[in-house]
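Written out below as structure tokens is the structure these notes cover.
The values are calculated or read from the model by the stated rules, or taken from the named source; none is laboratory data. For clarity, every value in this text was computed on a predicted model and none was experimentally measured. Ideal geometry is used to build each Cβ from the backbone, glycine not excepted, and the neighbour counts take in all protein chains shown.
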Amino acid sequence: MHTKTFLAAAVGLGLVTLSACGSGNGGSAAASKTVTLVSHDSWAVSKSVLQDFEKQSGYKVNVLKDGDAGQAVNKAILTKDNPQGDVFFGVDNTLLSRALDNGLFQPYQAKGLDQVGKDYQLDAGKHRVTPIDYGDICVNYDKAYFGKHKLTPPTSYADLVKPQYKNLLVTENASTSSPGLGFLLGSAARYGDSGWQDYWKKLKDNGVKVVDGWEQAYNEEFSGSAGGKKAGGDRPLVVSYASSPPAEVIYADPKPSTAPTGVATGTCFRQIEFAGLLSNAGNTKGGKALIDFLVSKEFQEDMPSNMFVYPVVEGAGVPAEFTEYGPAAKNPETMAPDKIAANRDQWVKSWTSLVLK
Amino acid sequence: MLVPVAFFAVFFAWPVAAIVTRGLNVDGVWRFGRIADVAGQSDIRHVLWFTTWQALASTALTLLVALPAAYAFARLDFPGKQVLRAVVTVPFVLPTVVVGTAFLALVGRGGLLDALWGVRLDTTVWAILLAHVFFNYAVVVRTVGGLWSQLDPRQEEAARMLGASPLGAWRKVTLPALAPAVAAAALMVFLFTFTSFGVVQILGGPTFSTLEVEIYRQTSEIFDLSTAAVLTIVQFVAVGSILAVHAWTIRRRESALRLVAPETTARRPRGAGQWALLAGVLATVAVLLVLPLAVLVRRSLGGGFGYYRALGDADGGTFLVAPIQSVVNSLQYAVAATAIAVVIGGLAAAALARRDAGRLVRGFDALLMLPLGVSAVTVGFGFLIALDRPPLDLRQSWILVPLAQALVGVPFVVRTMLPVLRAVDERLREAAAVLGASPWRVWREVDLPMVRRALLVAAGFAFAVSLGEFGATVFIARPGNPTLPVAVARLLSRPGDLNYGQAMALSTILMVVCAVALLVLERLRTDRTGEF
């Protein structure tokens, strides 16, 4: 009856859709001049540094931030037959096996890899991924609290279950937060496959508090951070990063003479982030150039103050605040990616029923 | 009929089927055994149980709180009624992340209750239940109140004359007439709370998880696609059954009732009882609905208008563009989504309204509601793997966002248009045709004048819903073009005062835009338009 109007409208809708298709595919003509980097939301780089790369290489860099670290990896795996970009940056050692087992990357040996510390090269045999940065997940403490209560801050996993630190620690849900998972893996590395459950039972008895994400733990519950102070946080110990104390100094106005927080150096778990050339990438040449750039000294030295991580290239400098307030841990806990892959789901499950239920 | 079917096949059924297949079909082998596996796990059963009981509790609580209001809006006449009706509807179209934040500001650490009495409700089930009442209050008020205002009060009066007590008359006369509307409203609330995501995610903490949250965790964090697929199927079946019952109650509701114009049934409150009821309703609205919104506005003004000014500043670092740009993006997306929703929904409603519509077509009515009950993460991931090849490589295209938003807009358009279209007398069209009018002219001169207002109301609702859509948009919105709710969520996830303040300011802007849209709708409202 009123078919005609609707037909017209439908045709109109069709046109909109078609033109949208057109604009969606429009990029392919210029594909060889554009290289697309897929990453997570924390990706950041100084404008001038990226422009240097574009000038030197002749490629325009298109960045696609695709959710938090886990989400971005999962989306990349789902779309690997027809990827959204050429290079993926931001898969860490806790997710590495998932990415490699699913064939997310193709091999490429980056220029300048010889400058990268051997400890970080977890796929050295096949070169499917290139290490870019590392960081440590450690317990941070509120200096003011421990000063006021004349208490020595804890330094090790074993300290955290001692009675003088009862009801002081807040951590994150291991199933939803990457520092939360890191802390769990660190304890598993420290106490072994069977011992960690015992350790967590003691932690629970000692009043550990668990919240969903890092934001809530660090900016609301923790008493030492700028955000936590404002929100009335009352836990002087929090699972965060070794680079958090420098961040407290760099982002403070006016700058304090010293960091308000410190790191319990015996509670650290090392996280290494990698980049790789995506299988089926449209612009492999550009992708390779981009990976070379990521391990170049210029990018490596720009990285710490943008993403609060440490460079993997030997001899790359870091800002003074980093060496002073948040030096990388000397002997962090580590765990092989395939061991993490084999155990994480089971561990997270038992952790959840042990600590949360 | 063909166009809406094709639309749903391509943009809903196919992506969802693609992601479910990916989970259950490994290397060409179907693993249906997983269904029994997953269903047998105790923590999954725990999630199912929590999902169900919190939905039941939320529904009961919402009915308890909102039914008196439905009466007040239907039968009592008081100044500011129209504005108030728009105000109670605002929460319904607000994005969950904004509501979650408002409730955190009210019942969380350092919130109003904490400051006044030291009471904290976050990470308790009470915060979830309260937020659910906040969201769904309008569903009950509008669905039940809409019918109540059109029931002829003289029937009840007649029963009184014949010696029935007030309660008896209400129970014997009004309640039976209202029952289908109450049932329909209850089912909608149950559906919305059963599939609740944002509220539980923000207010529930690590311990509470609904099916929808669990699907999100399994897909997005644990990457266990087969468990996610099984849960999606479970939720699909549950929602399908709810909708089937809902469709049945709707058909019963459309049975013959003596309806009168709503203006004639409302009168000024009389007697202490009615005044007390009205005061109670107003107080509830103030505490439950207005207070969280007021807290939001209050926090957005924390630095004078500083947070609002900061919205125009691109140097914040959170986005590539100034946050205020997200308002423009949102409006553009919402206009496109509204156009799509009105065309698709209008076509579907026209097909459903035909008297010769078969059983199959009527079944499609319920099918159209399904996007409301399917996890947004499933749709989002489904888009990502299904729409990735020419001619439908839409992953990088802006149209993806309006398409996803239109999916949730269509059900509202259909619900609004259907009753009106059904009410158009076929004989009018036949008479016009006999007199020589072309089909186009019949549509223009007979149908259009009668449905024009309904069409506007439908478009308005689709617009408001698209504006607030969050779940699917967050997966597919491009980083350079965030929508308003996505921008709010991203600002909230960043540390620092300024980001928090800007999130509040953006939320306030969103709220005002929604409120204005709804107020305009109130003016357009006719007694014939559907409830939602």
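Of the residues making up region B:39-89, those that are under 21 Å from the mean Cα position of the chain (by Cα), over 19 Å from B:V140 (Cα atoms) and surrounded by fewer than 18 Cβ atoms within 10 Å (Cβ to Cβ) number 2. Scanning region A:287-323 for residues that are part of a helix (DSSP H, G or I), in contact with a helix residue (DSSP H, G or I) (Cβ under 7 Å, 6 or more places away or on another chain) and free of Cβ contacts under 8 Å to residues at least 40 places away in the same chain yields nothing. Selection of first residues in region B:322-334 that are in contact (Cβ under 8 Å) with a residue 60 or more places away in the chain and of second residues that are of a type in the set (A, V, I, L, M) and in a loop (DSSP other than H, G, I, E, B), restricted to Cβ pairs under 7 Å at least 6 apart or on distinct chains, gives the following pairs, ordered by first then second residue: B:P323/B:L311. Looking at region B:371-450, the helices (runs of 4 or more DSSP H) lying wholly inside it that each contain 1 or more residues that are of a type in the set (V, I, T) and buried (at least 19 other Cβ atoms within 10 Å of the Cβ) sit at B:376-386, B:400-423, B:439-442. Scanning region A:219-244 for residues that are over 20 Å from A:S178 (Cβ atoms), within 11 Å of chain B (Cβ to nearest Cβ) and buried (at least 23 other Cβ atoms within 10 Å of the Cβ) returns a single hit, A:G233. Do we have A:A247 as touching a strand residue (DSSP E or B) at 6+ places or on another chain (Cβ under 9 Å), free of Cβ contacts under 8 Å to residues at least 60 places away in the same chain, within 14 Å of chain B (Cβ to nearest Cβ) and outside any loop (DSSP other than H, G, I, E, B) here? No, not satisfied.
Let's see how each residue does on (1) in contact with a helix residue (DSSP H, G or I) (Cβ under 8 Å, 6 or more places away or on another chain); (2) buried (at least 17 other Cβ atoms within 10 Å of the Cβ); (3) at pLDDT below 80:
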residue	(1), (2), (3)
B:A310	yes, yes, yes
B:V327	yes, yes, no
B:A336	yes, yes, no
B:I340	yes, yes, no
B:I344	yes, yes, no
B:D356	no, no, yes
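Output the residue which, of all residues in region B:395-416 that are over 11 Å from B:V465 (Cβ atoms), of a type in the set (A, V, I, L, M, F, W, C) and out of contact with any Gly (no Cβ under 6 Å at 6 or more places or on another chain), is nearest to the other protein chains (Cβ to nearest Cβ). Filtering first and then ranking leaves B:I399.
Of the listed requirements (1) away from every other protein chain (no Cβ under 14 Å); (2) not in a helix (DSSP H, G or I), B:R154 misses just one: (2).
A:P260 falls short on exactly one of the conditions (1) modelled with pLDDT under 95; (2) within 14 Å of chain B (Cβ to nearest Cβ), and that condition is (2).
Of all residues in region B:147-194, exactly one satisfies the criterion of being of a type in the set (D, E) and surrounded by fewer than 16 Cβ atoms within 10 Å (Cβ to Cβ), namely B:E157. The single condition among (1) out of contact with any Ser or Thr (no Cβ under 8 Å at 6 or more places or on another chain); (2) hydrophobic (A, V, I, L, M, F, W, C); (3) closer than 14 Å to A:A275 by Cα that A:L78 does not satisfy is (3). One residue alone among A:G213, A:G207 is within 9 Å of chain B (Cβ to nearest Cβ), touching a strand residue (DSSP E or B) at 6+ places or on another chain (Cβ under 9 Å) and surrounded by fewer than 23 Cβ atoms within 10 Å (Cβ to Cβ), and that residue is A:G213.
Note on region A:130-231: enclosed strands (runs of 3 or more DSSP E) holding 2 or more residues that are under 16 Å from A:A264 (Cα atoms) are A:130-142, A:169-172.
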